[in-house]
1. I'd like to check which strands (runs of 3 or more DSSP E) are fully inside segment 82-188 and have at least 3 residues that are within 29 Å of Ala202 (Cβ to Cβ).
2. Quick check on this structure: which one of Ala21, Ala53 is under 29 Å from the mean Cα position of the chain (by Cα), crowded, with 18+ Cβ neighbours inside 10 Å, at pLDDT 95 or above and within 16 Å of the ligand (Cβ to nearest atom)?
3. Gly288 versus (1) assigned to a loop (DSSP other than H, G, I, E, B); (2) more than 24 Å from Arg369 (Cβ to Cβ); (3) among the small types (Gly, Ala, Ser); (4) within 18 Å of the chain's Cα centre (by Cα): which is the lone unmet condition?
4. Starting from residues that are part of a loop (DSSP other than H, G, I, E, B) and closer than 17 Å to Ala251 by Cα, keep the ones in segment 197-220 and report whichever is farthest from the ligand (Cβ to nearest atom).
5. Which of (1) under 21 Å from Ala151 (Cα atoms); (2) in contact (Cβ under 8 Å) with a residue 24 or more places away in the chain does Asp107 not meet, given it meets every other one?
6. Failed condition for Ala6, given (1) buried (at least 18 other Cβ atoms within 10 Å of the Cβ); (2) in contact (Cβ under 8 Å) with a residue 40 or more places away in the chain; (3) among the small types (Gly, Ala, Ser), with all others met?
7. Looking for whichever is at pLDDT 95 or above, closer than 26 Å to Glu258 by Cβ and touching an Asp or Glu at 6+ places or on another chain (Cβ under 9 Å) here; the options are Arg293, Arg369. Which one fits?
8. Determine which member of the set Arg92, Arg64, Arg54 is charged (D, E, K, R) and either within 20 Å of Val122 (Cα to Cα) or free of Cβ contacts under 8 Å to residues at least 60 places away in the same chain (or both).
Amino acid sequence: MNGQEAVYLDHNSTTPVHPAALEAMLPFLREGYANPSSIHVAGENVRRVFEDARALMASLMGIRPAELYFNSGATESINWALRGVLEARPARPKVVVSAVEHSATLDVARRLAERGHELTVVPVDRSGNLDEAALIEALDERTGILSLIWANNETGVLFDVARLGRIARELGIVFHVDGVQKLGKGMPALADLPIDLLSFSAHKFGGPKGVGGLYVRRGVSIRPLIWGGHHETGRRAGTENVPGVIGMAAALEQAVVEWPEKAPRLRALREAFEGALRADHPDLLVNGSGAPRIENTLNVAFRGIEGHGVVLRLAQKGVYCSSGSACTAHDDGPSHVLAAMGLPGDHIHGAVRFSLGAGTDVEGLARARALIAEAVAGLAAVG
Ligand code: PLP
């Protein structure tokens with residue numbers, strides 16, 4: 001990379017660990033290693049700090065500590081939400097999701113369908129907005145759970161979960177939200193919203209990987225996914241990831257404090273970058289630009305160019321981005337999200353996602369812009 005620092009534009013895949021989160025974790029990787037279930041003083045001390053972290057996170061999310069369950073992250077939470085609710089509601093075996101969910105949701109929903117559950121996948125329009133008429137038609141008295149993504153990881157498109165949740169609530173349907181890309185980015189107090197369950201992962205907001213949780217509104221019926229012990233009030237067995245949870249709580253605190261300053265800065269950077277790319281590439285499509293989008297995400301498609309090729313050329317020069325979600329980066333074929341949005345054929349393989357974060361600045365984006373122009377010209381030349 002010629003001594004230049006990398007330009008990291010892949011924050012929707014994962015974020016760097018916030019220094020405050022790292023500092024908060026270190027004592028619990030060193031001396032604070034006792035098991036919080038142990039009845040000796042060392043264990044009790046760890047338990048106290050662990051429960052303080054739960055209380056802090058709950059207050060930052062606008063919920064009660066007893067409504068917050070910790071686990072390995074959003075993939076587990078989504079599995080738990082869908083499977084746990086359907087198991088608890090045998091008279092309502094149907095699941096409804098959107099076509100632009102993360103694969104963590106779509107894969108669970110499809111496997112549930114293979115096991116005999118009814119499944120409806122609700123389409124989106126060209127901008128990524130949910131087809132609300134189709135949603136309303138799909139929701140019925142047999143529907144146990146509706147699961148929707150709040151901020152799309154590929155396009156940044158935001159669903160209006162407050163309005164959609166009210167529709168579900170009127171019909172007695174449990175509403176699960178994939179909040180992975182929204183928590184720490186201006187999420188309102190959850191208690192005030194018609195959301196019953198919300199999944200999240202620490203590594204998307206400056207915490208460590210492999211830790212996250214599920215918000216379960218008091219009174220929602222849900223069976224455990226993992227049996228084996230008393231942990232998390234018997235709803236999620238397994239020795240707690242103490243350093244992970246403590247780091248996650250510290251990271252969320254920082255994210256919430258920093259967001260009011262960060263949001264307008266990221267929006268301005270994203271808009272300037274989008275404008276620059278449009279100027280350089282007149283055929284450029286900006287996916288999701290017709291819908292409300294989260295501040296940090298820009299998904300573009302170059303006409304007649306392989307997005308994957310652009311990503312690889314940029315990576316060789318130290319600019320990191322992605323051509324879809326990180327989880328599907330190794331799959332063949334175009335993104336299911338962009339396919340659901342009906343991306344035109346000559347743009348379908350040309351998608352590149354840039355996701356900005358705390359360290360993103362004007363200089364880094366200027367370097368990315370120049371290298372994108374070079375990569376696109378180079379790829380066009382080789383046809
Ligand atoms: N949902 C969304 C929107 C995501 O972006 C991700 C991760 O990319 C997940 C779910 C799964 O999160 P994890 O891999 O941390 O379990």
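The values are calculated or read from the model by the stated rules, or taken from the named source; none is laboratory data. Computed from a prediction, not measured in an experiment: that's the story for all the values here. Here the Cβ is made from the backbone with ideal geometry for all residues, glycine too, and neighbour counts use every protein chain on show.
1. Details: elements: 94-98, 118-122, 143-149, 174-178.
Qualifying strands (runs of 3 or more DSSP E): 94-98, 143-149, 174-178.
2. When all the criteria are applied, what remains is Ala21.
3. Condition (2) is where Gly288 drops out.
4. Checking each candidate, the answer is Gly206.
5. Going through (1) under 21 Å from Ala151 (Cα atoms); (2) in contact (Cβ under 8 Å) with a residue 24 or more places away in the chain one by one, Asp107 breaks only (2).
6. Ala6 satisfies every listed condition except (1).
7. Unique residue meeting the criteria: Arg369.
8. Selected residue: Arg92, the only one of Arg92, Arg64, Arg54 that is charged (D, E, K, R) and either within 20 Å of Val122 (Cα to Cα) or free of Cβ contacts under 8 Å to residues at least 60 places away in the same chain (or both).
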